[in-house]
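Undergrad: Here you go, one structure.
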Amino acid sequence: MTDTKSNAMWGGRFAAGPDAIMEAINASIGFDKRLARQDIDGSRAHAAMLAHQGIVDVKDADAIREGLLTVLSEIEGGNFTFSTALEDIHMNVEARLAELIGAPAGRLHTARSRNDQVATDFKLWVRGQMDAAMDGLEALMRALLGQADAGADWVMPGFTHLQTAQPVTWGHHMMAYVEMFGRDLSRFRDARARMNECPLGAAALAGTSFPIDRDMTATALGFDRPAANSLDAVSDRDFALEFLAAATICAIHLSRFAEELVIWSSAQFRFVTLSDRFSTGSSIMPQKKNPDAAELIRAKIGRILGANVALLTVMKGLPLAYSKDMQEDKEQVFDAADTLMLALAAMEGMVRDMTANRDALEAAASSGFSTATDLADWLVRELDMPFRDAHHVTGALVKMAEDAGCDLPDLALEQMQRVEGRITMGVYDVLGVHNSVASRMSYGGTAPVQVRAQIARWKERLA
(Lines give C-alpha, C1' and ligand atoms only; values in the text may rest on other atoms or scores of the structure.)
Protein backbone atom coordinates (compact mmCIF):
# COMPACT_ATOMS: atom_id res chain seq x y z
CA MET A 1 0.00 0.00 0.00
CA THR A 2 1.25 3.49 -0.85
CA ASP A 3 2.21 5.63 2.15
CA THR A 4 0.15 8.65 1.09
CA LYS A 5 1.18 10.79 4.06
CA SER A 6 4.93 10.62 3.40
CA ASN A 7 4.51 10.47 -0.38
CA ALA A 8 2.40 13.64 -0.59
CA MET A 9 5.38 15.97 -0.45
CA TRP A 10 6.98 14.36 -3.50
CA GLY A 11 3.85 14.35 -5.70
CA GLY A 12 2.86 11.70 -8.21
CA ARG A 13 6.34 10.75 -9.39
CA PHE A 14 6.74 8.04 -6.73
CA ALA A 15 4.44 5.05 -6.46
CA ALA A 16 5.57 4.01 -3.00
CA GLY A 17 6.82 5.73 0.11
CA PRO A 18 10.35 5.21 1.45
CA ASP A 19 11.14 2.20 3.58
CA ALA A 20 12.32 2.61 7.16
CA ILE A 21 16.03 2.85 6.40
CA MET A 22 15.55 5.48 3.71
CA GLU A 23 13.23 7.41 5.98
CA ALA A 24 15.78 7.34 8.79
CA ILE A 25 18.69 8.57 6.67
CA ASN A 26 16.60 11.12 4.83
CA ALA A 27 14.84 12.76 7.77
CA SER A 28 16.28 15.85 9.44
CA ILE A 29 13.42 16.78 11.76
CA GLY A 30 15.36 15.40 14.73
CA PHE A 31 17.66 18.41 14.56
CA ASP A 32 16.25 20.99 12.17
CA LYS A 33 13.20 21.54 14.37
CA ARG A 34 15.44 24.12 16.00
CA LEU A 35 14.70 26.25 12.94
CA ALA A 36 10.96 26.41 13.68
CA ARG A 37 10.81 30.11 14.50
CA GLN A 38 12.99 31.05 11.54
CA ASP A 39 10.93 28.84 9.25
CA ILE A 40 7.69 30.42 10.36
CA ASP A 41 9.11 33.97 10.19
CA GLY A 42 10.24 33.30 6.63
CA SER A 43 6.91 31.76 5.65
CA ARG A 44 4.93 34.67 7.11
CA ALA A 45 7.08 37.16 5.20
CA HIS A 46 6.66 35.10 2.03
CA ALA A 47 2.86 34.94 2.43
CA ALA A 48 2.63 38.69 2.99
CA MET A 49 4.65 39.30 -0.16
CA LEU A 50 2.52 36.89 -2.23
CA ALA A 51 -0.60 38.79 -1.17
CA HIS A 52 0.98 42.18 -1.81
CA GLN A 53 1.90 41.09 -5.33
CA GLY A 54 -1.55 39.66 -6.03
CA ILE A 55 -0.18 36.14 -6.41
CA VAL A 56 -2.25 34.80 -3.49
CA ASP A 57 -5.61 36.10 -2.26
CA VAL A 58 -5.29 38.43 0.73
CA LYS A 59 -7.74 36.34 2.78
CA ASP A 60 -5.75 33.19 2.12
CA ALA A 61 -2.51 34.96 3.03
CA ASP A 62 -4.04 36.27 6.26
CA ALA A 63 -5.24 32.77 7.16
CA ILE A 64 -1.76 31.41 6.42
CA ARG A 65 -0.05 34.03 8.57
CA GLU A 66 -2.41 33.54 11.51
CA GLY A 67 -2.24 29.78 11.21
CA LEU A 68 1.54 29.90 11.27
CA LEU A 69 1.43 31.81 14.55
CA THR A 70 -0.72 29.03 15.98
CA VAL A 71 1.80 26.43 14.80
CA LEU A 72 4.64 28.41 16.40
CA SER A 73 2.71 28.64 19.66
CA GLU A 74 2.21 24.88 19.66
CA ILE A 75 5.89 24.22 18.98
CA GLU A 76 7.18 26.65 21.60
CA GLY A 77 4.61 25.38 24.10
CA GLY A 78 5.72 21.77 23.61
CA ASN A 79 2.35 20.74 22.18
CA PHE A 80 3.50 19.89 18.66
CA THR A 81 4.01 16.34 17.40
CA PHE A 82 6.90 16.13 14.97
CA SER A 83 6.75 13.45 12.28
CA THR A 84 9.82 11.74 10.86
CA ALA A 85 7.75 10.73 7.85
CA LEU A 86 7.45 14.42 6.97
CA GLU A 87 11.26 14.67 6.90
CA ASP A 88 11.96 18.21 8.04
CA ILE A 89 10.71 21.27 9.85
CA HIS A 90 9.35 22.81 6.65
CA MET A 91 7.00 19.94 5.83
CA ASN A 92 6.02 19.43 9.46
CA VAL A 93 4.95 23.06 9.71
CA GLU A 94 3.15 23.02 6.39
CA ALA A 95 1.29 19.79 7.20
CA ARG A 96 0.09 21.16 10.54
CA LEU A 97 -0.91 24.41 8.85
CA ALA A 98 -3.08 22.43 6.42
CA GLU A 99 -4.78 20.72 9.36
CA LEU A 100 -5.51 24.10 10.91
CA ILE A 101 -6.66 26.18 7.92
CA GLY A 102 -7.31 23.70 5.14
CA ALA A 103 -6.81 24.42 1.44
CA PRO A 104 -5.20 27.90 1.72
CA ALA A 105 -2.14 26.24 3.29
CA GLY A 106 -1.37 24.71 -0.10
CA ARG A 107 -0.78 28.18 -1.54
CA LEU A 108 2.08 29.01 0.82
CA HIS A 109 4.69 27.18 -1.24
CA THR A 110 3.91 29.19 -4.37
CA ALA A 111 7.06 30.74 -5.88
CA ARG A 112 9.50 29.09 -3.51
CA SER A 113 11.28 25.76 -2.92
CA ARG A 114 12.57 23.99 0.13
CA ASN A 115 16.00 24.91 -1.25
CA ASP A 116 15.61 28.67 -0.80
CA GLN A 117 13.44 28.08 2.26
CA VAL A 118 16.10 26.15 4.17
CA ALA A 119 18.86 28.51 3.07
CA THR A 120 16.82 31.42 4.45
CA ASP A 121 15.93 29.64 7.69
CA PHE A 122 19.51 28.60 8.31
CA LYS A 123 20.85 32.07 7.55
CA LEU A 124 18.40 33.62 9.98
CA TRP A 125 19.44 31.14 12.68
CA VAL A 126 23.17 31.61 12.12
CA ARG A 127 22.73 35.39 12.07
CA GLY A 128 21.08 35.16 15.47
CA GLN A 129 23.98 33.08 16.78
CA MET A 130 26.46 35.63 15.49
CA ASP A 131 24.59 38.31 17.41
CA ALA A 132 24.63 36.13 20.53
CA ALA A 133 28.34 35.45 20.16
CA MET A 134 29.04 39.16 19.84
CA ASP A 135 27.01 39.86 22.98
CA GLY A 136 28.92 37.13 24.82
CA LEU A 137 32.27 38.47 23.67
CA GLU A 138 31.41 42.01 24.75
CA ALA A 139 30.39 40.76 28.19
CA LEU A 140 33.66 38.84 28.54
CA MET A 141 35.69 41.83 27.39
CA ARG A 142 33.99 44.05 29.97
CA ALA A 143 34.88 41.53 32.67
CA LEU A 144 38.51 41.57 31.51
CA LEU A 145 38.49 45.38 31.52
CA GLY A 146 37.33 45.27 35.13
CA GLN A 147 40.27 43.06 36.06
CA ALA A 148 42.69 45.25 34.08
CA ASP A 149 41.38 48.42 35.70
CA ALA A 150 41.83 47.00 39.20
CA GLY A 151 45.41 45.85 38.53
CA ALA A 152 46.75 48.30 35.97
CA ASP A 153 49.91 48.80 38.05
CA TRP A 154 50.22 45.38 39.68
CA VAL A 155 53.43 43.70 38.56
CA MET A 156 53.69 40.09 37.47
CA PRO A 157 56.13 38.05 35.43
CA GLY A 158 55.76 38.02 31.69
CA PHE A 159 56.72 34.69 30.14
CA THR A 160 58.18 33.34 26.96
CA HIS A 161 58.48 29.55 26.69
CA LEU A 162 56.73 29.63 30.11
CA GLN A 163 60.04 30.91 31.51
CA THR A 164 60.29 34.26 33.29
CA ALA A 165 61.09 36.89 30.67
CA GLN A 166 60.31 40.49 31.75
CA PRO A 167 58.00 42.08 34.28
CA VAL A 168 54.61 43.19 33.00
CA THR A 169 51.50 44.38 34.72
CA TRP A 170 48.39 42.38 35.51
CA GLY A 171 46.40 44.97 33.62
CA HIS A 172 48.61 44.56 30.57
CA HIS A 173 48.11 40.79 30.59
CA MET A 174 44.33 41.16 30.87
CA MET A 175 44.33 43.67 28.03
CA ALA A 176 46.14 41.19 25.78
CA TYR A 177 43.01 39.04 25.94
CA VAL A 178 40.79 42.06 25.36
CA GLU A 179 42.67 42.57 22.09
CA MET A 180 42.30 38.90 21.16
CA PHE A 181 38.59 38.80 21.85
CA GLY A 182 38.23 42.16 20.14
CA ARG A 183 39.49 40.56 16.94
CA ASP A 184 36.98 37.75 17.43
CA LEU A 185 34.26 40.35 17.80
CA SER A 186 35.32 42.01 14.55
CA ARG A 187 35.35 38.66 12.73
CA PHE A 188 31.75 37.94 13.72
CA ARG A 189 30.74 41.49 12.74
CA ASP A 190 32.41 41.19 9.35
CA ALA A 191 30.87 37.78 8.70
CA ARG A 192 27.43 38.99 9.74
CA ALA A 193 27.58 41.94 7.36
CA ARG A 194 28.73 39.72 4.50
CA MET A 195 26.06 37.06 5.06
CA ASN A 196 23.11 39.46 5.29
CA GLU A 197 21.64 38.76 1.85
CA CYS A 198 18.30 36.97 1.54
CA PRO A 199 18.04 33.70 -0.44
CA LEU A 200 14.22 33.66 -0.39
CA GLY A 201 12.83 33.89 -3.89
CA ALA A 202 15.68 31.99 -5.50
CA ALA A 203 13.27 29.02 -5.48
CA ALA A 204 14.81 25.66 -6.38
CA LEU A 205 17.80 27.13 -8.26
CA ALA A 206 16.64 29.28 -11.18
CA GLY A 207 14.32 31.84 -9.61
CA THR A 208 10.61 31.91 -10.40
CA SER A 209 8.24 33.10 -13.15
CA PHE A 210 5.86 34.59 -10.57
CA PRO A 211 6.10 38.39 -10.14
CA ILE A 212 7.55 38.25 -6.63
CA ASP A 213 9.12 41.16 -4.74
CA ARG A 214 12.35 39.87 -3.24
CA ASP A 215 13.24 43.24 -1.76
CA MET A 216 10.04 43.12 0.28
CA THR A 217 10.81 39.74 1.85
CA ALA A 218 14.46 40.65 2.39
CA THR A 219 13.47 43.83 4.25
CA ALA A 220 10.81 42.03 6.29
CA LEU A 221 13.41 39.51 7.50
CA GLY A 222 16.07 42.10 8.33
CA PHE A 223 18.36 41.38 5.39
CA ASP A 224 20.21 44.18 3.62
CA ARG A 225 19.28 42.96 0.15
CA PRO A 226 18.24 39.84 -1.79
CA ALA A 227 21.01 37.47 -2.88
CA ALA A 228 21.90 38.37 -6.46
CA ASN A 229 22.25 34.91 -8.03
CA SER A 230 19.67 32.19 -7.53
CA LEU A 231 22.13 29.33 -8.08
CA ASP A 232 24.51 30.74 -5.50
CA ALA A 233 21.71 31.64 -3.09
CA VAL A 234 20.51 28.07 -2.62
CA SER A 235 23.96 26.43 -2.63
CA ASP A 236 25.85 28.94 -0.46
CA ARG A 237 26.87 27.86 3.01
CA ASP A 238 29.75 30.30 3.35
CA PHE A 239 27.86 32.02 6.15
CA ALA A 240 27.90 28.83 8.21
CA LEU A 241 31.56 28.19 7.40
CA GLU A 242 32.50 31.74 8.37
CA PHE A 243 30.60 31.38 11.62
CA LEU A 244 32.46 28.15 12.37
CA ALA A 245 35.81 29.68 11.39
CA ALA A 246 35.26 32.67 13.67
CA ALA A 247 34.01 30.39 16.43
CA THR A 248 37.09 28.18 16.06
CA ILE A 249 39.52 31.08 16.43
CA CYS A 250 37.53 32.41 19.37
CA ALA A 251 37.59 28.98 20.99
CA ILE A 252 41.37 28.87 20.55
CA HIS A 253 41.63 32.15 22.44
CA LEU A 254 39.32 30.86 25.16
CA SER A 255 41.43 27.72 25.41
CA ARG A 256 44.68 29.67 25.73
CA PHE A 257 43.25 31.78 28.53
CA ALA A 258 41.78 28.70 30.20
CA GLU A 259 45.24 27.09 30.16
CA GLU A 260 46.68 30.12 31.93
CA LEU A 261 43.93 30.03 34.53
CA VAL A 262 44.65 26.35 35.19
CA ILE A 263 48.35 27.15 35.69
CA TRP A 264 47.78 30.35 37.66
CA SER A 265 45.32 28.76 40.09
CA SER A 266 47.71 25.92 40.99
CA ALA A 267 49.41 25.78 44.38
CA GLN A 268 52.75 26.26 42.66
CA PHE A 269 51.72 29.61 41.15
CA ARG A 270 48.87 30.98 43.30
CA PHE A 271 48.47 33.91 40.92
CA VAL A 272 44.66 33.72 41.03
CA THR A 273 41.92 32.21 43.12
CA LEU A 274 38.91 31.00 41.18
CA SER A 275 35.53 31.24 42.86
CA ASP A 276 33.75 28.19 44.22
CA ARG A 277 31.08 28.71 41.55
CA PHE A 278 33.53 27.66 38.85
CA SER A 279 35.55 25.03 40.71
CA THR A 280 34.97 21.51 41.99
CA GLY A 281 36.40 19.35 44.74
CA SER A 282 37.94 15.91 44.76
CA SER A 283 36.14 12.75 45.80
CA ILE A 284 39.19 11.58 47.76
CA MET A 285 41.50 14.57 48.38
CA PRO A 286 39.75 17.12 50.61
CA GLN A 287 42.30 19.87 49.99
CA LYS A 288 41.67 20.00 46.23
CA LYS A 289 39.94 22.85 44.42
CA ASN A 290 39.94 21.93 40.77
CA PRO A 291 39.57 24.49 37.93
CA ASP A 292 37.15 22.24 36.09
CA ALA A 293 35.34 25.02 34.24
CA ALA A 294 38.64 26.25 32.78
CA GLU A 295 39.67 22.71 31.84
CA LEU A 296 36.37 22.07 30.08
CA ILE A 297 36.62 25.35 28.17
CA ARG A 298 40.12 24.31 27.16
CA ALA A 299 38.67 21.11 25.70
CA LYS A 300 35.72 22.68 23.88
CA ILE A 301 37.93 23.76 20.98
CA GLY A 302 37.93 20.12 19.85
CA ARG A 303 34.18 20.12 19.24
CA ILE A 304 34.15 23.48 17.49
CA LEU A 305 37.17 22.77 15.31
CA GLY A 306 35.68 19.37 14.51
CA ALA A 307 32.46 21.02 13.36
CA ASN A 308 34.44 23.38 11.16
CA VAL A 309 36.36 20.55 9.51
CA ALA A 310 33.19 18.48 9.11
CA LEU A 311 31.28 21.17 7.24
CA LEU A 312 34.28 22.09 5.09
CA THR A 313 34.51 18.43 4.14
CA VAL A 314 30.80 18.26 3.28
CA MET A 315 30.97 21.32 1.04
CA LYS A 316 34.31 20.83 -0.68
CA GLY A 317 33.16 18.69 -3.62
CA LEU A 318 29.55 19.71 -4.26
CA PRO A 319 28.42 20.87 -7.70
CA LEU A 320 25.86 23.66 -7.98
CA ALA A 321 23.19 23.97 -6.86
CA TYR A 322 21.61 22.02 -3.98
CA SER A 323 22.68 18.50 -3.01
CA LYS A 324 21.26 16.42 -0.18
CA ASP A 325 24.75 16.39 1.34
CA MET A 326 23.93 19.89 2.54
CA GLN A 327 21.46 18.47 5.03
CA GLU A 328 24.61 17.62 7.00
CA ASP A 329 25.32 21.32 7.49
CA LYS A 330 23.20 21.95 10.57
CA GLU A 331 24.11 19.56 13.36
CA GLN A 332 27.74 20.69 13.38
CA VAL A 333 26.77 24.36 13.45
CA PHE A 334 24.13 23.81 16.14
CA ASP A 335 26.61 21.99 18.37
CA ALA A 336 29.41 24.49 17.76
CA ALA A 337 27.13 27.44 18.55
CA ASP A 338 25.88 25.83 21.77
CA THR A 339 29.43 24.98 22.79
CA LEU A 340 30.79 28.45 22.06
CA MET A 341 28.03 30.23 23.95
CA LEU A 342 28.52 27.99 26.99
CA ALA A 343 32.28 28.53 26.94
CA LEU A 344 31.92 32.31 26.62
CA ALA A 345 29.46 32.46 29.51
CA ALA A 346 31.63 30.27 31.72
CA MET A 347 34.76 32.28 30.97
CA GLU A 348 32.99 35.54 31.68
CA GLY A 349 31.82 34.17 35.02
CA MET A 350 35.28 32.98 35.96
CA VAL A 351 36.89 36.29 35.05
CA ARG A 352 34.31 38.33 36.96
CA ASP A 353 34.62 36.15 40.06
CA MET A 354 38.35 35.44 40.15
CA THR A 355 40.70 37.17 42.57
CA ALA A 356 44.24 38.03 41.54
CA ASN A 357 46.83 37.51 44.31
CA ARG A 358 48.81 40.74 44.10
CA ASP A 359 51.53 39.65 46.52
CA ALA A 360 52.16 36.36 44.72
CA LEU A 361 52.23 38.13 41.37
CA GLU A 362 54.79 40.66 42.58
CA ALA A 363 56.96 38.04 44.28
CA ALA A 364 57.06 36.03 41.07
CA ALA A 365 57.80 39.14 39.02
CA SER A 366 60.82 39.88 41.19
CA SER A 367 62.35 36.45 40.70
CA GLY A 368 63.99 34.72 37.78
CA PHE A 369 66.20 37.69 36.79
CA SER A 370 63.22 39.34 35.12
CA THR A 371 64.96 42.72 34.91
CA ALA A 372 67.99 41.41 33.00
CA THR A 373 66.82 43.12 29.81
CA ASP A 374 66.45 46.40 31.71
CA LEU A 375 70.06 46.03 32.83
CA ALA A 376 71.23 45.43 29.26
CA ASP A 377 69.23 48.43 28.04
CA TRP A 378 70.80 50.57 30.79
CA LEU A 379 74.29 49.55 29.69
CA VAL A 380 73.45 50.59 26.13
CA ARG A 381 71.93 53.93 27.14
CA GLU A 382 74.32 55.00 29.90
CA LEU A 383 77.61 53.46 28.79
CA ASP A 384 77.05 53.66 25.03
CA MET A 385 77.77 49.94 24.85
CA PRO A 386 76.74 47.95 21.75
CA PHE A 387 73.74 45.82 22.61
CA ARG A 388 75.53 42.53 21.91
CA ASP A 389 78.27 43.52 24.37
CA ALA A 390 75.63 44.61 26.88
CA HIS A 391 73.90 41.26 26.44
CA HIS A 392 77.18 39.47 27.24
CA VAL A 393 77.86 41.60 30.34
CA THR A 394 74.32 41.09 31.60
CA GLY A 395 74.63 37.34 31.11
CA ALA A 396 77.80 37.35 33.20
CA LEU A 397 76.03 39.30 35.97
CA VAL A 398 73.09 36.89 35.89
CA LYS A 399 75.54 34.01 36.31
CA MET A 400 77.16 35.84 39.24
CA ALA A 401 73.79 36.36 40.93
CA GLU A 402 72.79 32.77 40.25
CA ASP A 403 76.00 31.48 41.85
CA ALA A 404 75.43 33.78 44.83
CA GLY A 405 71.84 32.61 45.23
CA CYS A 406 70.40 36.09 44.84
CA ASP A 407 68.68 38.24 42.24
CA LEU A 408 70.22 41.04 40.20
CA PRO A 409 69.14 43.92 42.47
CA ASP A 410 70.82 42.11 45.41
CA LEU A 411 74.30 42.25 43.84
CA ALA A 412 76.57 44.88 45.36
CA LEU A 413 77.92 47.60 43.09
CA GLU A 414 81.44 46.31 43.68
CA GLN A 415 80.42 42.89 42.44
CA MET A 416 78.94 44.35 39.26
CA GLN A 417 82.02 46.46 38.66
CA ARG A 418 84.17 43.33 38.58
CA VAL A 419 82.38 42.49 35.35
CA GLU A 420 82.06 46.04 33.98
CA GLY A 421 83.94 48.74 35.81
CA ARG A 422 81.89 51.64 34.44
CA ILE A 423 78.63 50.54 36.11
CA THR A 424 77.36 53.14 38.60
CA MET A 425 74.72 53.28 41.32
CA GLY A 426 72.28 54.49 38.70
CA VAL A 427 71.85 50.90 37.56
CA TYR A 428 69.70 50.14 40.58
CA ASP A 429 67.04 52.54 39.29
CA VAL A 430 66.16 50.07 36.54
CA LEU A 431 66.52 46.80 38.45
CA GLY A 432 63.29 47.07 40.43
CA VAL A 433 60.25 45.51 38.77
CA HIS A 434 58.08 48.59 39.28
CA ASN A 435 60.70 50.79 37.64
CA SER A 436 60.96 48.25 34.84
CA VAL A 437 57.28 48.27 33.95
CA ALA A 438 57.01 52.04 34.36
CA SER A 439 59.79 52.51 31.82
CA ARG A 440 57.97 50.55 29.07
CA MET A 441 56.25 53.65 27.74
CA SER A 442 56.19 52.72 24.05
CA TYR A 443 52.70 52.55 22.54
CA GLY A 444 51.17 49.23 23.51
CA GLY A 445 53.74 48.74 26.28
CA THR A 446 53.17 47.53 29.81
CA ALA A 447 53.66 50.86 31.61
CA PRO A 448 50.58 51.51 33.80
CA VAL A 449 49.89 54.80 32.03
CA GLN A 450 49.81 52.98 28.68
CA VAL A 451 47.61 50.23 30.09
CA ARG A 452 45.12 52.75 31.43
CA ALA A 453 45.03 54.48 28.07
CA GLN A 454 44.14 51.17 26.39
CA ILE A 455 41.50 50.44 29.02
CA ALA A 456 39.90 53.83 28.34
CA ARG A 457 40.01 53.21 24.58
CA TRP A 458 38.23 49.88 24.87
CA LYS A 459 35.66 51.15 27.35
CA GLU A 460 34.74 53.83 24.84
CA ARG A 461 34.54 51.31 22.00
CA LEU A 462 32.28 49.02 24.00
CA ALA A 463 30.10 51.79 25.42
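Undergrad: Test M216 against the criterion of being outside any loop (DSSP other than H, G, I, E, B) and either open to solvent by 50 Å² or more (accessible area, probe 1.4 Å) or at pLDDT below 95 (or both), and give yes or no.
TA: The answer is yes for M216.
Undergrad: A further question on this structure: Of (1) farther than 25 Å from T169 by Cα; (2) assigned to a helix (DSSP H, G or I); (3) open to solvent by 30 Å² or more (accessible area, probe 1.4 Å), R381 satisfies all except one. Which?
TA: Failed condition: (1).
Undergrad: Run A346 past the list (1) in a loop (DSSP other than H, G, I, E, B); (2) of a type in the set (A, V, I, L, M, F, W, C); (3) under 25 Å from W170 (Cβ atoms) and report the number of the one that doesn't hold.
TA: (1)
Undergrad: Output the residues belonging to the stretch 76-98 that are open to solvent by 30 Å² or more (accessible area, probe 1.4 Å) and among the acidic types (D, E).
TA: Answer for the stretch 76-98, where residues must be open to solvent by 30 Å² or more (accessible area, probe 1.4 Å) and among the acidic types (D, E): E76, E94.
Undergrad: Considering (1) of a type in the set (S, T, Y); (2) within 30 Å of N26 (Cα to Cα); (3) not in a helix (DSSP H, G or I), say which one T248 fails and leave the rest.
TA: Condition (3) is where T248 drops out.
Undergrad: Report, by residue number, each residue of the stretch 115-142 that is surrounded by fewer than 20 Cβ atoms within 10 Å (Cβ to Cβ) and more than 19 Å from Q332 (Cβ to Cβ).
TA: Answer for the stretch 115-142, where residues must be surrounded by fewer than 20 Cβ atoms within 10 Å (Cβ to Cβ) and more than 19 Å from Q332 (Cβ to Cβ): D131, M134, D135, E138, A139, R142.
Undergrad: I'd like to know if the stretch 157-171 contains one or more residues that are assigned to a helix (DSSP H, G or I), closer than 30 Å to S436 by Cα and in contact with a Gly (Cβ under 7 Å, 6 or more places away or on another chain). Walk me through it before giving the result.
TA: Of the residues in the stretch 157-171, the ones assigned to a helix (DSSP H, G or I) are 170-171.
Of the ones still in play, those that are also closer than 30 Å to S436 by Cα are 170-171.
Adding the requirement that they be in contact with a Gly (Cβ under 7 Å, 6 or more places away or on another chain) leaves 170-171.
Scanning the stretch 157-171, I find at least one residue that is assigned to a helix (DSSP H, G or I), closer than 30 Å to S436 by Cα and in contact with a Gly (Cβ under 7 Å, 6 or more places away or on another chain), so the answer is yes.
Undergrad: In the stretch 46-75, what residues are crowded, with 22+ Cβ neighbours inside 10 Å and part of a helix (DSSP H, G or I)?
TA: Those that are crowded, with 22+ Cβ neighbours inside 10 Å and part of a helix (DSSP H, G or I): H46, A47, M49, L50, A61, I64, G67, L68, V71.
Undergrad: Could you tell me whether R96 is of a type in the set (D, E, K, R), at pLDDT 95 or above and not in a helix (DSSP H, G or I)?
TA: Considered against the rule, which asks whether it is of a type in the set (D, E, K, R), at pLDDT 95 or above and not in a helix (DSSP H, G or I), R96 comes out as no.
Undergrad: Right, next: Looking for something open to solvent by 30 Å² or more (accessible area, probe 1.4 Å) and not in a helix (DSSP H, G or I) - is there at least one such residue anywhere in the stretch 148-156?
TA: Yes: the stretch 148-156 contains one or more residues that are open to solvent by 30 Å² or more (accessible area, probe 1.4 Å) and not in a helix (DSSP H, G or I).
Undergrad: Would you say D116 is under 30 Å from D213 (Cβ atoms) and modelled with pLDDT under 95?
TA: Answer is no for this residue.
Undergrad: Can you spot a residue in the stretch 175-189 that is outside any strand (DSSP E or B), more than 19 Å from A132 (Cβ to Cβ) and of a type outside the set (A, V, I, L, M, F, W, C)?
TA: Checking the stretch 175-189: at least one residue is outside any strand (DSSP E or B), more than 19 Å from A132 (Cβ to Cβ) and of a type outside the set (A, V, I, L, M, F, W, C).
Undergrad: Let me ask something additional. Would a scan of the stretch 19-30 turn up a residue that is under 37 Å from the mean Cα position of the chain (by Cα), modelled with pLDDT of 85 or more and either open to solvent by 50 Å² or more (accessible area, probe 1.4 Å) or at positive phi (or both)?
TA: Yes: one or more hits.
The values are calculated or read from the model by the stated rules, or taken from the named source; none is laboratory data. Please read all numbers here as calculations on a predicted model, not as lab measurements. With ideal geometry, Cβ positions are generated from the backbone for all residues, glycine too; neighbour counts draw on all protein chains shown. For the accessible areas, the whole protein counts, side chains as well, though only heavy atoms, and no ligand, DNA or RNA atoms are used. Shrake-Rupley method; radii C 1.70, N 1.55, O 1.52, S 1.80 Å.
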